[in-house]
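Worksheet for the structure shown next.
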């Protein structure tokens, strides 16, 4: 575990400790005598701790493990699952025929920019405390249907000029997680 991650965890623990004291779960008033610490200190500690952890993973070049494309049972649809880490799947001209992506306390990056997409396809996404990043080609349209609880889907993909362009149907269920779609 990296030093930045340990520092981030310690800061989050300190923020939660302050909140537990404020709510009467534990008693440590001797530590927090100043009035300004009532809400500023736990908010600052939680923010700095979370940012420290996130930055430690963003700066890590080995964050995404590049994996081979997992072809499903029927030979077409892929199924990708990431738990407590990050996986990256890149298409290099292979045909794409849909996917199911499950991110549980982790992330998946699916790069379809060089994939061969000739007809409408569906990507079924489920996240729990995790996220999915989809990189789609500019030659397809993206339609999103989402059910999210404290999370969401950001569709930043450009719309294809061709009205006959294939469409990627994204069906996302997010619980404390999200999906980012871009070109």
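Read-outs throughout are calculated quantities, based only on the coordinates presented, and are distinct from any laboratory measurement. All figures in this text were calculated on a predicted structure; none of them were measured in a lab. Heads up, the Cβs are rebuilt from the backbone with ideal geometry, glycines too, and the neighbour counts pull from every protein chain shown.
The table that follows gives values for the structure above.
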read-out: Sequence of 120, 87 once ranked by neighbouring C-beta atoms within 10 Å, starting from the fewest; value: 120, 87
read-out: Separation of the residue 66 and residue 113 label points, Cα + 7 Å toward Cβ, nm; value: 1.4 nm
read-out: Relative packing of 154-163, 123-132, 137-146, which averages over residues the other C-beta atoms within 10 Å, highest first; value: 123-132, 137-146, 154-163
read-out: Peptides 5-13, 94-102 ordered by average Cβ neighbours within 10 Å, highest first; value: 94-102, 5-13
read-out: Whole-Å semi-axes of the ellipsoid equivalent to segment 123-183 (Cα gyration tensor, √5λ, descending); value: 23, 10, 8
read-out: Exposure proxy order (Cβ contacts within 10 Å, fewest to most) of 108, 51, 171; value: 51, 171, 108
read-out: Extension gain from residue 138 to residue 48, taking 0.36 nm per residue of separation minus the Cα-Cα distance; value: 28.7 nm
read-out: Full-stretch length increase - residue 159, residue 9 - with 0.36 nm per residue and alpha-carbon distance subtracted; value: 49.9 nm
